[in-house]
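Laboratory data are not the source of any read-out in this text; all were calculated from the coordinates shown. The model shown is predicted, which means the values in this text are computed figures rather than measured ones.
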Amino acid sequence: MLTVSNKMGVHARPAAMIVRIASRYSGEIWVAKDEEKVNAKSIMGIMMLAAAKGTELLFECTIENAMEFENEMSEVFASKFQDE
């Protein structure tokens with residue numbers, strides 16, 4: 001589970017960063033917020049989550065390099081999507 005820590009939340013640019021990373025992997029990658037679950041390769045899906053600062057997102061995947069994906073996603077979240 002990763003926490004959105006930038007003050008603007010997941011707006012268009014962070015959503016595009018998530019999709020760009022997820023799209024590099026073959027297989028399914030899902031992201032969930034509360035009861036809502038969307039395809040992490042869909043920018044519209046990510047935007048629909050309306051993930052504000054402090055929101056926890058859970059990523060689920062069926063990919064071979066799950067640890068590599070987890071590390072990449074953790075880095076982009078830790079960098080606050082290079083927003084600040």
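For Rg and Dmax of the Cα atoms in Å, the candidate list reads (i) 11.4, 33; (ii) 13.9, 46; (iii) 24.1, 64; the entry that matches the value derived from this model is (i).
Among E35, E68, E60, which one moves the most in a GNM of the chain with springs linking Cα atoms closer than 10 Å? Checking each option, the largest mean-square fluctuation is seen for E35.
How far, in degrees from 0 to 90, does helix 66-78 lean away from the longest principal axis of the Cα atoms of the chain, to the nearest 10? Helix 66-78 sits roughly 10 degrees off the main axis of the chain.
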